[in-house]
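The values are calculated or read from the model by the stated rules, or taken from the named source; none is laboratory data. Nothing here was measured: the structure is a model prediction, and the numbers come from that model. We place every Cβ from the backbone using ideal geometry, glycine too, and count neighbours over all the protein chains shown. Accessible surface is based on the protein model in full, side chains and every heavy atom, while ligands, DNA and RNA are left aside. Shrake-Rupley method; radii C 1.70, N 1.55, O 1.52, S 1.80 Å.
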Amino acid sequence: MKRYIVFLKQVPLSTKVEMDPVTKTLKRSSALSQVNPDDLYALQAALDLRRSTGAEVIAVSMGPLSAEVVLREAIQRGADRAILLSSPAFAGSDTWCTSLVLASAVRKIGEYDILFFGRIAIDGDTAQVGPEVAGHLNIPQVTQLVNVESCTDKYIRLFRCIGNAKQHMEVDFPCAIMVSRENGELNHPTLSGWRRAQKQEILHWDEADLGLNTSSVGLQASPTKVLSTTVPQSNKKVCWITDVITLSQIICNNINNANQQLAF
């Protein structure tokens with residue numbers, strides 16, 4: 001049986017997110033959340049391909065218990081089943097530790113053909129997790145998918161973006177594919193899908209289920225160390241311009257200030 005595994009992340013809906021002053025990580029409970037946008041396009045790519053292959057689509061997310069909402073949306077949109085990777089030991093994981101957990105989940109799931117990832121997460125902007133999972137599993141990876149041409153039992157033919165050019169590729173299974181919104185349009189979720197999502201059981205796996213030691217995951221095991229974080233402050237001044245002379249003076253002052261800064 002063909003199988004596609006899609007990875008989805010819960011990310012803040014707002015930019016007004018608090019930072020933990022000790023761990024230098026996001027306080028995810030301090031903001032409303034959503035599914036990472038690129039991950040929805042990865043899910044859509046898997047569902048589109050399923051129409052011609054009949055593959056099983058499994059949605060996977062790593063996060064707190066609240067990330068179940070992300071997985072239920074995936075089921076509503078068409079995923080067959082879902083797995084939540086959740087444990088206090090995973091908290092604070094950087095991309096390396098996150099990819100280690102996800103790769104362990106793939107091994108536990110068993111045979112698969114394609115891993116689908118969103119190209120980038122809006123709360124981190126690293127675009128590293130998908131390729132790192134492929135590295136852990138020693139499988140080929142395709143970044144910046146444009147569209148799928150065809151699929152057989154052994155390989156997939158597709159186009160990917162390279163700058164302003166497109167590359168035509170034939171990739172053997174199993175493989176990992178990174179998808180973004182340039183890949184196409186999202187189908188609208190349905191009421192029947194919502195009903196199914198509310199009834200569907202979501203599996204929960206922790207580090208013990210994945211055969212991982214707590215010392216290999218989480219904040220302390222992460223090689224990435226955040227030294228400090230700051231929130232940019234924007235101070236705006238508003239003034240009403242009632243005549244052309246005042247406008248001309250403001251423009252001249254701005255030009256003079258810019259020239260002085262360039263001189264330094």
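General remarks:
- Subset of region 233-246 (residues that are of a type outside the set (Ser, Thr, Tyr) and in a loop (DSSP other than H, G, I, E, B)): GLN233, ASN235, LYS236, LYS237, VAL238, CYS239, TRP240, ILE241, ASP243
- Matching entry among VAL106, VAL148 (being open to solvent by less than 30 Å² (accessible area, probe 1.4 Å) and not in a loop (DSSP other than H, G, I, E, B)): VAL106
- Only residues that are of a type in the set (Phe, Trp, Tyr) and without any contact (Cβ under 8 Å) to a residue 40 or more places away in the chain were counted across region 200-255, and they come to 1.
- The residue that is nearest to LYS108 (Cα to Cα), counting only those in region 128-145 that are among the hydrophobic types (A, V, I, L, M, F, W, C) and either without any contact (Cβ under 8 Å) to a residue 24 or more places away in the chain or assigned to a strand (DSSP E or B) (or both), is VAL142.
- When ASP94 is tested against the conditions (1) under 19 Å from THR224 (Cβ atoms); (2) at pLDDT 95 or above; (3) of a type in the set (D, E, K, R), the lone failure is (2).
- Applying the criterion of being without any contact (Cβ under 8 Å) to a residue 40 or more places away in the chain and in a loop (DSSP other than H, G, I, E, B) to the residues of region 160-174, the residue that is most open to solvent (accessible area, probe 1.4 Å) is ASN164.
- The test for being under 30 Å from LEU212 (Cβ atoms), open to solvent by 40 Å² or more (accessible area, probe 1.4 Å) and either of a type in the set (D, E, K, R) or under 16 Å from the mean Cα position of the chain (by Cα) (or both) holds for THR143.
- Residue count for region 55-71 under the criterion of being surrounded by 20 or more Cβ atoms within 10 Å (Cβ to Cβ) and part of a helix (DSSP H, G or I): the result is 3.
- Odd one out for PRO223, checked against (1) over 24 Å from the mean Cα position of the chain (by Cα); (2) farther than 30 Å from ASP113 by Cβ; (3) of a type outside the set (A, V, I, L, M, F, W, C): (1)
- Here ARG157 does not fit the description of being open to solvent by 70 Å² or more (accessible area, probe 1.4 Å) and in contact (Cβ under 8 Å) with a residue 60 or more places away in the chain.
- In region 184-201, the residues that are open to solvent by less than 80 Å² (accessible area, probe 1.4 Å), under 20 Å from the mean Cα position of the chain (by Cα) and modelled with pLDDT of 85 or more: LEU186, ASN187, PRO189
- Within region 207-232, the set of residues being in a loop (DSSP other than H, G, I, E, B) and open to solvent by less than 50 Å² (accessible area, probe 1.4 Å) comprises GLU207, LEU210, LEU212, VAL217, GLY218, ALA221, SER222.
- In the set (1) within 13 Å of the chain's Cα centre (by Cα); (2) in contact (Cβ under 8 Å) with a residue 40 or more places away in the chain; (3) open to solvent by 30 Å² or more (accessible area, probe 1.4 Å), the condition left unmet by TYR112 is number (1).
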